[in-house]
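Heads up: the structure comes next, in structure tokens.
Laboratory data are not the source of any read-out in this text; all were calculated from the coordinates shown. These numbers were taken from a predicted model, which means no experiment stands behind them. Heads up, the Cβs are rebuilt from the backbone with ideal geometry, glycines too, and the neighbour counts pull from every protein chain shown.
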Amino acid sequence: MERRNQIYEGKAKILYETDDPALAIQHFKDDASAFNAKKLGNIVDKGVFNNSISSKLFEEVAANGVPTHFVKKLSDREMLVKKLDMLKVEVVVRNIVAGSLARRLGIDEGKHLPHPIIDLHYKDDSLDDPLINDDTADAFGYATYDELKHMRESALKVNEILTKFFGARNIDLVDFKLEFGRCADEGGKLLLGDEITPDGCRFWEKGTGRKMDKDRFRRDLGNVEETYAEVDRLVTS
Ligand code: ADP
Ligand code: TMP
């Protein structure tokens, strides 16, 4: 598979065309950002760990019936994916109160929710990815009601699969963000895209509550690289 022109460079990844118009290469960088790029940094080898972690987790969800863009891992930092027309809606699933939910409702982090909560955000850094609902997404054409229903169902299925997967590794899946896109090559079918990594998930060690995700960078908790390496070891072992 030949790498061609760059399509897009984002905060954590670069997307390249390939010699097949239906496929793209995702290159994972070490750049780290938080609070919509208000805090910037670099986590040594994050790109290598995230490519490895995301490849394994996409294989896991696909094996359990959720269609994804993942084709194969090409190298340490590169993954071959189906090219998607990404929806500007971020789907956040929450099992335990943390982060913006705790701040928004003025409650402590750590409460286990009686059922998962799905939050939708409009993907726009300049607006700080504002919270939206289904009516807003449909009215402004970010996603149709049918697509939103599909994304909600897929997100809950991914939640079940990954909660079990991480549970077996002594980790609570606290929350995570998913992105979906339309695959022109498959008649506009919605596929799970982007990445599933500690950048966009919260992982807490069961029992101790130790944070094993990008909150170590966001909150200056130390041992950032070591923790990404540890998650990679746990996920791929
Ligand atoms: P951001 O755009 O938020 O800075 P990244 O640095 O992770 O994020 O950039 C990757 C970009 O590629 C994201 O905007 C994401 O929506 C997009 N993307 C992810 N998977 C695909 C895909 N399969 N096809 C096309 N675009 C994708
Ligand atoms: P939050 O607590 O900031 O709303 O984030 C919830 C989870 O979703 C957390 O694991 C981080 C992830 N997330 C992103 O990765 N990018 C985003 O733009 C948003 C809104 C959330």
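Figures for the structure shown
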quantity	calculated
Cα-based equivalent ellipsoid, the stretch 50-161: semi-axes from gyration tensor eigenvalues, Å	25, 19, 15
Qualifying chymotrypsin sites (Phe, Trp or Tyr not before Pro) for the stretch 136-237 [loop in DSSP, other Cβ within 10 Å: at most 14]	PHE140
Kirkwood Rh (inverse of mean 1/r, distinct Cα pairs), the stretch 131-210, angstrom	14.3
Estimated [θ] at 222 nm from DSSP helical runs (n ≥ 4, -39500 (n - 2.57)) normalised by residues in the chain, nearest 500	-9500 deg cm²/dmol
Amide hydrogen neighbours beyond the local backbone of ASP175, cut-off 5 Å, H modeled	ASN95, ARG202
Two-decimal Rg to Rh for the chain - Kirkwood Rh, Cα set	0.94
Whole-percent pair-distance distribution, where bins are 10 Å wide, for the alpha carbons of the stretch 176-237	20, 41, 22, 15, 3
Listed residue (TYR142, SER154, HIS121) projecting farthest to the positive dipole end of the stretch 114-163, Cβ model	SER154
Share of alpha-carbon pairs per 5 Å distance bin for the stretch 47-93, given as whole %	5, 19, 24, 27, 20, 5
Low-density loop positions, chymotrypsin sites (Phe, Trp or Tyr not before Pro), the stretch 1-90 - DSSP coil, at most 16 other Cβ in 10 Å	PHE35
Coil-residue trypsin sites (Lys or Arg not before Pro) of the stretch 10-104, DSSP, other Cβ within 10 Å capped at 14	LYS11, LYS38
Positive-end extreme of charge dipole, the chain - chosen from GLY47, ALA37, ILE107 (charges on Cβ)	ILE107
